[in-house]
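Throughout, read-outs are computed from the coordinates displayed, never taken from laboratory work. Predicted model, so just to flag it, every value in this text is computed and none were measured. Neighbour counts run over all protein chains shown; Cβ positions are idealised from the backbone, glycine included.
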Amino acid sequence: MRRREFITIAAAAVWPRTVRAQQPQRMRRVSVLLGTPENDPERKSRLRAFRLGMRDTGWVEGRNVQIEYRYAGTDRDTIKKHVEELIGLAPDVIVANSSPVMALLRPATNTIPIVFVVVNDPVGQGFISNLARPGSNVTGFSFIDPEIVGKWIGLLGDVKPDLSRVALLFNPDTAAYYDHYLHSLEGSPQQSGVKVDAAPVRSECR
């Protein structure tokens, strides 16, 4: 995913230029719910890309758009609190970052447009009906194409020709799509002769 693509889909898809030209004085409201803590090192670069993308499509914070930011990390209760708060603000669109955020936001509203980012296997997780036509009030893009997963073993084999065993490292609390990835690895044509193990991890390894 290109960082500059982080938000441009929100402005471009939800508010066509013709509409913006007809209503230049109306202040729009965008809510952004990030599935990362506020002190995450990636946060600044992603939000900078967000603002640049909005500016490139004609939306300048404080001039014609008001943006509300919330940082939830992976804590379910914190995410739920922010979801309820942001929906109460009745924004024009909500940008949802991460699968845990979408899991709680998706059933919370069927009227406010939702744009998801950094979400893997959105169809398998039930966030959209299919990639070509997401349907309902949800759109966005996936972080990793599931078809790529099956090629990982081939890449590892290029590095280690005698490869016989690999492990898929994941946090089951935040990566609900890991099972799909595991099956993709096991079913990969390059997988022949290679044992694939699941390696769930819920805390930092030291």
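Multiply the residue gap between Thr78 and Leu156 by 0.36 nm, knock off their C-alpha separation, and tell me the result in nm, one decimal place.
Extending this stretch completely gives an extra 24.3 nm.
Return the FRET efficiency for the residue pair Leu163, Lys44: r is the Cβ-Cβ distance, R0 is 45 Å, and the value is rounded to the nearest 0.05.
Efficiency, from the Cβ-Cβ distance: 0.75.
Please rank Lys81, Lys195, fewest neighbouring Cβ atoms within 10 Å first, as an exposure proxy.
The most exposed by this proxy come first: Lys195, Lys81.
Once amide H atoms are built 1.01 Å from N in the peptide plane, which residues 5 or more positions from Arg28, or in another chain, come under 5 Å H to H?
Counting only residues 5 or more places away or on other chains, the set is Val65, Gln66.
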